[in-house]
């Protein structure tokens, strides 16, 4: 058999000598032209500057004139042209013999070749057994080589066929450009060879393809002849199919390169056509110069845009350019200094972490500056080109002989501009793709640990945990903590035990069915039990199928890796009790602190405020607190004349199954000197929590209406008031802004004084507004109950708050606002008498004044001494920050922008978090809305827009995702000129529109009340007329979301719903089903242990008999 095979191979080698003159074969020593991406083209002798890229377009005027050729030399020049055409075609396929490379599947080892064959076989053990022979493997390798050559020729044939089609479509041969135009515009020279030479070359390729196919057929016949002599017979069709699949897969990258070459040929032909159309308009020399200036401006614009895209890609993959390495040189010096024995471990770690944060912030600022410069260049070049185009149109209008060409000439110029942008965008995407791959060359398994191989010392991160204690956490564990407290690890339910999974499925199923059954009952739908039972079975089967389905390999590796990291971090924190992990107060990142330092700051805070008292008896106050709440509610409801209704009684009565004692924990504030702590009383299941919620729901709307004129409800409200103040002419160049902060408001307000203020407030305004049928005395009694039952657990001890209210109880904020409303009346009257602004947001005060600084200080000092419980710290300047707005007075002109604290981390919910995609898109939308509302001019907004984009990139949001949603936002609001050209007038209109929308949507505003009355009147009129009002009922169901198989639950649920309930003439056809999502546990819930033992929080068995009696009642 193989004697004949050797003869055939010798024939192939003899044939390769002839064919190699045109196209070298894949198994020769020379790599074919298309196989090598580094191939170089042989330049033509008569003009070495023709082969230029599109981005090298020159704006210089060509002063040389074309010389006439003598008729005696025409034939010689035609022969030279024919030879040059042959050389150009030859250069497209041959190159210097500097590379000897084969496709990996042609040069693979025997073992690797068997593995590739096995991958394409299903149950082909007989063929794999047949491949154990060395001779058979040699035969397969030879057949693969021949088949590879066939498909290579097919790619080459398709390439040159498209080459001819593009040339004929865009008239590259029938209307060729002169050498002067080519040199003047530096057009690519892909279509310099003649059509005749190209067709001749294509015919040769066709002949070689036919010969290669004949060789494959001859080689395939050898297998049939051999099987007649061999006892073992194999399925030939399956064997050829497997070899064909190997070749197709092996030539995938080669086919991509051919597609790229076809696109380049098409681009060259289209560029040739665009330039020819422009010159067909017979432009003058000045018009040619303007045309080239416009095109060069477009090219420079595209270059700058490419620079922007690449810089953003740097941020997205968190790999900065090499030019930033100099910022890291100081790290070794700092580490050497910190290595001295005079520093302890905690100090050394804190200083090192701060140094890294400063370097990272500098890198981020520099990247922001470079992107801002490149974006400004994009806008500048675009505007420069548009101005030149307008000047060209004006000149042509003034010339009567050129007026007829205006529309055609300008359209041709714009067509090439569009072509340049499309081509440059395509090249940019290729650069970004290879740039991304090159930047990750050191990651051999990037899909496994790409998120955790970040160098915390050199790479820029979205955020990093604030470390103020010596810790031995690894860089991978710290990189996971850098994802922030809100991050949800993916698909952690997949690693639960089967029993736990079944419980989760039962719980999910019960929630869904109970919600649907309750909906049917409340809306009086008569649905048969059998139909509901069938629906229930299908839903349960769906849940079981989705929870049992395996994850993809990539997602499984990532989820398992994160689970292991979380387990290791929890184990480390349990073994090292001196390290405390907490979420920061406002930075939205994790804080690693010293437990001893925490304890000392807590005791210092308790001593300063004198608001907490330890219960020395050691008996849990939960039973007595519960007895107090139930006793008061029973007395109010069971009075001779009930003081509360049955509905109010049920709303405030504690849920006994979930009642537990509150617990105190503290949040560190690292943005302040010394990292002080903010106390939080977690009392969500406390006995009096429902009473607190009910009072807050009734009194807060009343307070908001009464104090609306002097209360700021948001940062947008501050900007509205300031712009109104400026429009009235009260903002002068001498106007100062005053901000003041009340120290420890919640814990420092006196209970007696607060209750007296509440009593006066309710008496004064109870006649104007409804108090939910509650008299003032009942409100005071309920308020006393909330304040007196503020007991909690801290450090395994019981405490009672004896001063102020609990920070965490809803009613505490309303009570503090009412107390402060009385305190600030003198300031309000003082400001109103001078037409100045005054407003407060809980414990933050903002004022304006045109008086001297000494007089303002005297006023504030007197107010500070008025109440010993209220202490304020104030600032007087012409540029201040209030809430999250930065306010400036620039020579009597107001400027507002989004304020970011210097210590604020560039953190937002990571894109890889296990959240639905609409959460990320909504984040972008709300961030842009907030920026437009708070920024007073378009340049300030553009800076904030860039800040938003950088934060999104650093937190893993893909650039395409960001760009698409940015464009959707501006397109949806019909303000694309803001995004592209920073149009100031359009921005001001949109800015005012959004501010007015906020004012209309404010429920406590004066504008909203007439609209509500008008809406209620319309509803009443509809009822009086008797016309049926079509109302679409909503069924809202919340289900657990995961990025694995459960992603399809929403679609599958709707399919089952339509199957069972949306039949013809169904009563449920007008029901709109909304599927909400619940996420799994966040890193904050998985890692931070701030809740004491359950035995300290819940009722014990030795509960007093009196409490048992009240509960029974």
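Nothing in this text is a laboratory measurement; each read-out follows from the coordinates by a stated rule. Predicted model only: the values in this text are computed from it and were never measured. FYI the Cβ positions are ideal-geometry reconstructions off the backbone, even for glycines, and counts take in every protein chain you see.
Quick look at the values:
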{"item": "Length gained when the stretch residue 855-residue 323 is fully extended (0.36 nm per residue, less Cα-Cα span)", "result": "186.2 nm"}
{"item": "Residue order, fewest to most beta carbons within 10 Å, for 854, 306, 861", "result": "854, 861, 306"}
{"item": "Sorted largest first, extent of region 582-662 alpha carbons per principal axis (Å)", "result": "57, 34, 25"}
{"item": "Sequence of 1074, 569, 393 once ranked by neighbouring C-beta atoms within 10 Å, starting from the fewest", "result": "1074, 393, 569"}
{"item": "Region 298-442 - Rg and Dmax from Cα coordinates, angstrom", "result": "24.6, 88"}
{"item": "Two-site FRET efficiency, residue 415 against residue 1033, from Cβ-Cβ distance with R₀ of 41 Å, rounded to 0.05", "result": "0.15"}
{"item": "Calculated FRET efficiency for the pair residue 1064/residue 1084, C-beta based, R₀ 60 Å, to 0.05", "result": "0.75"}
{"item": "Dimensionless Rg ratio for region 817-878, taking C-alpha atoms and the 2.2 N^0.38 Å reference", "result": "1.07"}
{"item": "Neighbour-count order for 802, 1056, fewest beta carbons within 10 angstrom listed first", "result": "802, 1056"}
{"item": "Contour minus Cα-Cα distance for residue 619 and residue 732 (0.36 nm per residue)", "result": "34.4 nm"}
{"item": "Stokes-Einstein translational diffusion, region 548-587 - Kirkwood Rh over all Cα pairs, 1.567 mPa s, 4 °C, in µm²/s", "result": "103"}
{"item": "FRET efficiency estimate (nearest 0.05) - Cβ-Cβ, residue 249 to residue 967, R0 51 angstrom", "result": "0.85"}
{"item": "Paramagnetic reach from residue 876 (point 7 Å along Cα→Cβ, amide N under 13 Å) across region 711-742", "result": "735-740"}
